[in-house]
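Data block below; observations after.
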């Protein structure tokens, strides 16, 4: 019994057949290079907040300082005295126009409402106070669960 090979029976065409599938490998390579170039050309997004930094002038004890405190209950204290919003606006306007402008030291209590604090800061900004300081922030630098 003889074993016949199929390869011997196969007939090969002598003329070339047209290629029926597309070679998309070069197309994918070009697209990947373009994608990398696009990613590299996009600038890095930077978020910035404009803040006026101190000009090197130190505030000494001889300059007047006013403590502005926001309590947990939402009350605003001007040097320990509770004030309402119109009174606060009037006092801030007076402080902004004073010849020797006092330093407004903003110190919210630890559990004061963020919204109340932001509203007070916006009032200070609207009054164009140039001497404004966040005081007492050092006491919140650690968040221990004591």
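The values are calculated or read from the model by the stated rules, or taken from the named source; none is laboratory data. This structure is a prediction, so every number in the text was calculated from the model and none was measured. Quick reminder, even Gly has a Cβ in these numbers, built from the backbone with ideal geometry, and neighbours come from all protein chains shown.
If you go through the stretch 109-130 and keep only what is under 22 Å from residue 99 (Cβ atoms), at pLDDT 85 or above and part of a loop (DSSP other than H, G, I, E, B), you end up with 127, 128, 129.
Within the stretch 88-108, the residues that satisfy the criterion of being in contact with a strand residue (DSSP E or B) (Cβ under 8 Å, 6 or more places away or on another chain) and in a helix (DSSP H, G or I) are 88, 91, 92, 95. Going by the structure shown, is residue 94 surrounded by 10 or more Cβ atoms within 10 Å (Cβ to Cβ), closer than 23 Å to residue 72 by Cα and modelled with pLDDT of 85 or more? For residue 94, the condition - surrounded by 10 or more Cβ atoms within 10 Å (Cβ to Cβ), closer than 23 Å to residue 72 by Cα and modelled with pLDDT of 85 or more - is not met.
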